[in-house]
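J.: Here it is, the structure in full.
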Amino acid sequence: MITLRTANLDDLDLLKYWDTKQHIIDCDPDEDWDWEVQLPFFPPWREQLMAELDGEPIGFIQIIDPYLEETQYWGDVPPNKRAIDIWIGEESNLNMGYGTMMMKLAIDACFKNEAITGILIDPLKSNLKAHRFYERMGFQFIEERKFGDSDCFIFELKRP
Ligand SMILES: CC(C)(COP(=O)(O)OP(=O)(O)OC[C@H]1O[C@@H](n2cnc3c(N)ncnc32)[C@H](O)[C@@H]1OP(=O)(O)O)[C@@H](O)C(=O)NCCC(=O)NCCS
């Protein structure tokens, strides 16, 4: 069974180890997650979650309020949205349906808040696997956009 729980400093070594994996570098080449600083920091506009399979961590999900997030990464975005980042750590856990289960839990958690109208995702333009993954779950392509040096596709899942 897949469950989500809040990430904390005990997850530091595992998250840093996952950061060295090629499939994770490929999906997020620019970002420095600064785990030592961020893991003990629990701002109201962010949740950092470990996904566990039968109690063992297999992946990570971040959910932010892009309107309130302090770096304003998403730029001009309306209130009452959420934005999600997701990855699975070990290559051996890819393509087993775990990502779909993780994403469903995250989506349910977002829409539990009645005010939330949509969930945004920004995979690299080149990450075709992720595009398929999100489209399968009902996300719709919105636009192409550059974040820093990265060419991204924006998808949104509107509240059903
Ligand atoms: C994107 C990501 C989270 C998806 O998670 P995942 O667990 O691999 O996704 P799923 O297993 O649900 O689906 C992936 C594929 O496995 C297939 N699959 C799902 N369940 C399966 C099963 N039980 N047996 C065999 N194949 C299965 C799906 O059909 C899908 O096929 P496709 O690649 O042809 O579209 C994961 O691939 C990942 O961490 N990628 C690297 C990081 C990344 O790109 N993150 C997104 C950045 S925006």
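J.: Out of all the residues in region 10-35, which are more than 17 Å from Met50 (Cβ to Cβ), within 14 Å of the chain's Cα centre (by Cα) and more than 10 Å from the ligand (Cβ to nearest atom)?
T.: Of everything in region 10-35, just one residue is more than 17 Å from Met50 (Cβ to Cβ), within 14 Å of the chain's Cα centre (by Cα) and more than 10 Å from the ligand (Cβ to nearest atom), namely Glu31.
J.: Do we find that Phe60 is touching a strand residue (DSSP E or B) at 6+ places or on another chain (Cβ under 8 Å), among the aromatic types (Phe, Trp, Tyr) and not in a helix (DSSP H, G or I) in this structure?
T.: Answer is yes for this residue.
J.: If a residue has to be near the ligand (Cβ under 9 Å from one of its atoms) and part of a loop (DSSP other than H, G, I, E, B) to count, how many in region 138-160 make the cut?
T.: Qualifying residue count for the region: 0.
J.: If I filter region 91-134 down to residues being among the acidic types (Asp, Glu) and within 16 Å of the chain's Cα centre (by Cα), which single residue comes out as nearest to Pro160 (Cα to Cα)?
T.: In this case the residue turns out to be Asp108.
J.: Which one is farthest from Pro79 (Cα to Cα) among residues in region 108-131 that are among the basic types (Lys, Arg) and surrounded by 10 or more Cβ atoms within 10 Å (Cβ to Cβ)?
T.: Lys129
J.: Additional query: Please specify each residue of region 118-133 satisfying the condition of being under 19 Å from Leu94 (Cβ atoms), in contact (Cβ under 8 Å) with a residue 24 or more places away in the chain and not hydrophobic (A, V, I, L, M, F, W, C).
T.: Pro123, Ser126, Asn127, His131
J.: Only residues that are out of contact with any helix residue (DSSP H, G or I) (no Cβ under 7 Å at 6 or more places or on another chain), in a strand (DSSP E or B) and more than 8 Å from the ligand (Cβ to nearest atom): list them for region 79-126, please.
T.: Once the filter is applied, which keeps residues that are out of contact with any helix residue (DSSP H, G or I) (no Cβ under 7 Å at 6 or more places or on another chain), in a strand (DSSP E or B) and more than 8 Å from the ligand (Cβ to nearest atom), region 79-126 yields Lys81, Ala83, Gly118, Leu120.
J.: Report yes if some residue within region 39-48 is in contact with an Asp or Glu (Cβ under 7 Å, 6 or more places away or on another chain) and buried (at least 19 other Cβ atoms within 10 Å of the Cβ); otherwise report no.
T.: No - not one qualifying residue is present in region 39-48.
J.: What is the number of the single condition among (1) surrounded by 15 or more Cβ atoms within 10 Å (Cβ to Cβ); (2) over 22 Å from Gly59 (Cα atoms) that Leu157 does not meet?
T.: (2)
J.: I'd like to verify a number: residues in region 1-38 that are among the acidic types (Asp, Glu) and not in a helix (DSSP H, G or I), how many?
T.: 6
Rule-based calculations on the coordinates, nothing more; no lab input. Not measured: the values here are computed from a predicted model. Cβ sites come from the backbone with ideal geometry, for glycine too, and all protein chains shown count toward neighbours.
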